[in-house]
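Written below as structure tokens is the structure these notes are about.
Values quoted throughout were computed directly from the atomic coordinates according to the rules given, and no laboratory measurement underlies them. In this text the structure is predicted, and so the values were computed from the model without any measurement. Ideal geometry is used to build each Cβ from the backbone, glycine not excepted, and the neighbour counts take in all protein chains shown.
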Amino acid sequence: MGCTLLLAPVASANFIGPKAGGSPNANQISSLYHIILYIAAFVFVVVEGTLLYSVVKFRAKRVRHAAQIHGNTRLEVGWTVAAALILVAITVVTFVKLPSIITPPNSSAAISYQSASVNEPTPPNGKQLTICVTGRQFIWMYSYGAACDKHRWDAKLPYSYQQMVVPVHTTVVLVIQSIDVIHSWWVPALGGKVDAVPGYTTYTWFKALHTGLFHGQCAQLCGRQHAFMTAQVKVVAPGQYAAWLKQQGVAINAANDQVGTLRQMLTREGQL
Amino acid sequence: MPQVVTDTVFVPRRRLRWIDWVTTTDHKRIGIMYLVLTFVFFILGGVEALLMRVQLSVPSNTLLSGEHYNELLTMHGTTMVFLFVVPVMAGFGNYFVPLMIGARDMAFPRLNALSFWLLLFGGVVFYATLFWQPPEAGWWSYPPLSSIQFSPSGGQDAWIFLIHLTGISSLLGAINFYATIANMRAPGMSWGRLPLFVWAILVYAILLIIALPVVAAAVTMLLADRHFGTHFFDPVAHGSPVLWQHLFWFFGHPEVYIMVLPGFGIISEVIPVFSRKPIFGYKAVAASTAVIAFLATLVWAHHMFASPVPIVVLGFFMLSSFLIGIPTGVKIFNWIATLWRGSILPTTALYFCVGMIAIFTVGGITGIFLAVFPVDWQLNDTYFVVAHFHYTIFGGAIFPVFAGIYYWFPKMSGRFLNERLGKISFWLVFIGFNATFLVQHALGLSGMPRRIYTYEPNLGWSTYNLISTIGAFMLGVGVLVTIVNVARSLKVGAIAGPDPWKGNTLEWFTTSPPPPNNFDVIPRVRSLEPMRDIRRQIERQTGATQKTGGGERFLRA
């Protein structure tokens, strides 16, 4: 069985860099990662190469007498400054890249948008789709619509569990909360992770570059079934999204009505 | 032929009974008890790690439940941090700090014994939970998961008491180390002639004194939240789970350096001896230890880049984390420069030092990726982080522990460890380690979060996980080989003289093993390498080249 596993194609596995390709922020993080990777590879080769060279070259059987060197101040200052310069370079690149990672771009699809609240990251034209993400042991709930407070139940907004449906080419802002323990929202191809901390509201965004299905899962230990707290983001055409939203709303309202009727019936019969 | 004059006093060597160990206040026996006890915990923590690796070796495995997996990951992390790496350094420190500074014991011998017994009690309280319900909230125990509502069992309370007991143990030990090093150095041993291992233990002690009270306060608050109706971390009553994260990591990051700085110290002692060269840049290595310790108190929130923390704060902690890379890099450069143009004796101890530099460098480099907070948003809480901190802690602390064992075993027991078994152990550990953890970077980059007890087969994680599990077993065998080597060499190892390696520091001035009073005469220290001066003086006075008790055999190879 081990052999078959080893021979099996490594589906969707990455070796060198993080997942990307679903959203501009994930792509920008990936490109920042790769810039650091090149610098890191250089440092790795120089340090490990010198180390290997020293232990092979200066064996006692080749070198009978060690050079009694106590140090060299210029060398010491030199490599301290060199290390500092590398870090300055990475700092500059990071802060140059940062706006494209944290600020959402404008949506390029034509659908009806909901406006944002003051705390949220917002694209320049203010047009975005807000989805409220609520973590709980061990499932994610998404409610569609800008009201991420307790009024969302009164407003009877459409919602879904585990699978989030979003329109393509649309800036989606996620408002993330938790109702029990700390969870962490993470769909790698759509950008970095954000903790869902009870008592706090956190935000992230993505703008799906193409339709498809994206896998993610909770990244913060949240209890015994942490491994099964997965998330799926289904990116569809804007028309399909509108249709799905409408159908989901109808289905939820129908189910609510059913429960209401049942409750009335049970109350009448004195069972509730 | 004249040799280094050492202990010639008659010492009655009767067989030690158990009561001699229980009642001892001798720093050497306490040191040995520390080393033995922490290795028992190392084996327990290792078995826990292997169980987790077996569970993850194939997708959708049902060997362990989520409950048991969470218990194992909590016990593994807690054991390795609080019951192995931190106290094993106290073990080496106990045995060798007084010897290296030319003292006859620690400043407070009975306090020293108390430190050891508190550690044992902490471990017993924690492992007793195996018989009812071990904690399962991870070694960070983030509330609300660790609150009474989500972790109702007493296992979480046992974890809190473990933190307290081992914390008091380490705190008393730290005060003892500080007092010993500050007051009991041999005549002539100024701060500029203090061996680098002693510098490292001094800074380790200071960091423990800074960091431990904070975690002690935090776990006391958690205990009060759990049982006495307070709401420090309870979001329902306007407490803050993020407060715990700040308090815990204000302790937790210095803790990382508490674990690796003594390892750096061991490396800084062993490399010069086997390169036959003085340490390159003594002042830079000693100063970088102090600088790392200072910066270590300013980087804690880089563990919280995905938490609700303002961007400006993230930027600050990115930069402070970068800064700590500079003194760490300086150390690595100085060690390599010490090897450069040396006359290197390829002993097992040196192998582990070189392995440490090779592995720790990787951990340092991946640390830069993680310090860049936007990149950390992708890597945090994934197997990339698991790989990173094992490269730093296993590389930076446990490789030096093995180097220390091979280097100092002749002093502690009077016998050599078997070099052939040592080399076998090194290669198994080195290759096994890299097989286990190198692919875990790839797992993290492929989107596998840490602390999940199973995963679906179609995610592309299966092959890497299998490789990692195979590597972990290889690593385990490598560790076992050294343990067998130690057990075997106690009886059959070649006899080592007082100074088998031509060491530089004062522990080699006395017999192997040292007598209870350590030294009959304490020499005046005139440089960083007092033993070298003593050997030279004898050579000058007698015209005889000083032989060593076994180091030459590495020259023949």
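For segment B:504-519 versus segment B:337-372, the inter-centroid distance based on Cα atoms is 29 Å.
With q set to 0.08, 0.10 Å⁻¹, the log10 of I(q)/I(0) for the protein assembly as shown, from the Debye formula over equal scatterers at the Cα positions, is -0.72, -1.06. Taking amide H atoms as placed 1.01 Å from N in the peptide plane, the amide H of B:Met184 has no partner under 5 Å among residues 5 or more positions away or on other chains.
For A:Gln247, what is the net charge nearby, where nearby means another residue's Cβ is under 15 Å from its Cβ and Lys, Arg count +1, Asp, Glu -1? Don't jump to the answer; show the numbers that get you there.
Working: positive: A:Lys156, A:Lys234, A:Lys246; negative: none.
Value of the local net charge: +3.
Percent of Cα-Cα pairs more than 23 Å apart in segment B:90-246, please. Please list the in-between numbers first.
Details: 5835 of 12246 pairs.
Everything past 23 Å amounts to 48 percent.
For segment B:27-556, the extents of the C-alpha atoms along the principal axes are 79, 46, 46 Å, listed from largest to smallest.
If you wrap chain A's Cα atoms in a convex hull and average its projection over all directions, what's the area in nm²? Spell out each step's value before the answer.
Values: hull surface 98.0 nm².
Over all viewing directions, chain A projects a mean Cα-hull area of 24.5 nm².
Counting only other chain Cβ atoms within 10 Å of each residue's Cβ, the peptide B:326-336 averages 5.
Grab the alpha carbons of segment B:320-412, take their convex hull, and tell me the volume per residue in Å³. Could you put the intermediate results ahead of the total?
On the way: hull volume 9.6 nm³, N = 93.
Normalising the Cα hull of segment B:320-412 by residue number yields 103 Å³.
Output the pairs from A:Lys61/B:Lys277; A:Lys127/A:Lys156; A:Lys19/B:Lys331 with a Cα-Cα distance over 26 Å in this structure; if there are none, say none. Can you show the working numbers first?
Numbers: A:Lys61/B:Lys277 15 Å; A:Lys127/A:Lys156 23 Å; A:Lys19/B:Lys331 34 Å.
Correct reply: A:Lys19/B:Lys331.
The fewest-to-most ranking of B:Leu298, A:Leu87 by surrounding Cβ atoms within 10 Å reads B:Leu298, A:Leu87. Converting the Cα gyration tensor eigenvalues of segment A:176-246 into ellipsoid dimensions via √(5λ) gives semi-axes, longest first, of 25, 13, 12 Å. Note on the protein assembly as shown: antiparallel DSSP beta bridges, both residues inside, total approximately 70 percent of the bridges counted.
Going from the fewest other Cβ atoms within 10 Å to the most, the residues A:Val55, B:Val285 appear in the order A:Val55, B:Val285. Put the Cα centre of segment B:268-335 next to the Cα centre of segment A:19-67 and the gap is 18 Å. 3J(HN,Hα) along segment B:37-42, derived from phi through the Karplus expression 6.51 cos²θ - 1.76 cosθ + 1.60 where θ = phi - 60°, amounts to 4, 5, 5, 4, 5, 4 Hz, with x in place of Gly and Pro. Simple rule: put +1 on each Lys or Arg Cβ and -1 on each Asp or Glu Cβ in the protein assembly as shown, find the dipole, and look at B:Phe39, B:Gly229, B:Ser413; the Cα lying farthest toward the positive end is B:Ser413. Global size of segment B:92-165: 17.3, 54 Å for Rg and Dmax (C-alpha atoms, Rg to one decimal, Dmax whole). Rounded to the nearest whole angstrom, the semi-axes of the ellipsoid equivalent to segment B:413-557, taken from the Cα gyration tensor as √(5λ), stand at 47, 17, 15, largest first.
Could you work out the local net charge near B:Phe274, counting Lys and Arg as +1, Asp and Glu as -1, over the other residues with Cβ closer than 12 Å to its Cβ? Result for the neighbourhood of B:Phe274: +3. Computed over Cα pairs, the Kirkwood radius of segment B:66-130 leads via Stokes-Einstein (0.890 mPa s, 25 °C) to a diffusion coefficient of 181 µm² per second.
Charge tally for A:Thr50 (other residues, Cβ to Cβ under 13 Å; Lys, Arg +1; Asp, Glu -1): +1. Spatially, segment B:224-240 and segment A:218-272 are offset by 32 Å when compared through their Cα centroids.
Calculate, for B:Ser153 and B:Trp117, the FRET efficiency according to 1/(1 + (r/R0)^6) with r their C-beta to C-beta distance and R0 30 Å; round to the nearest 0.05.
Details: r = 27 Å, r/R0 = 0.89.
About 0.65, to the nearest 0.05.
Globularity index of segment B:201-297 is 1.51 (Cα radius of gyration / 2.2 N^0.38 Å, N = number of residues).
Rg then Dmax, both in Å and based on the Cα atoms of segment A:129-267: 15.5, 51. For segment B:351-491, the spread of Cα coordinates along the three principal axes comes to 52, 31, 19 Å, biggest extent given first. Any chance you could tell me what percent of the C-alpha pair distances in segment B:166-240 go past 16 Å? In whole percent, the share of Cα-Cα pairs in segment B:166-240 beyond 16 Å is 61.
Which order results if B:Arg451, A:Arg74, B:Arg193 are arranged by neighbouring Cβ count within 10 Å, fewest first? Intermediate values should be presented prior to the final figure.
Working: B:Arg451 21, A:Arg74 6, B:Arg193 17.
Going from least to most buried by this count: A:Arg74, B:Arg193, B:Arg451.
Can you give the translational diffusion coefficient of segment B:106-148 in µm²/s, computed by Stokes-Einstein from the Kirkwood radius over Cα pairs at 10 °C and 1.306 mPa s? Walk me through the numbers on the way to the answer.
On the way: Rh = 12.6 Å.
Answer, rounded: 126 µm²/s.
Close amide H pairs (under 5 Å, H built 1.01 Å from N) link A:Thr130 with A:Gln114, A:Gly145, A:Val173, residues at least 5 positions away or on another chain.
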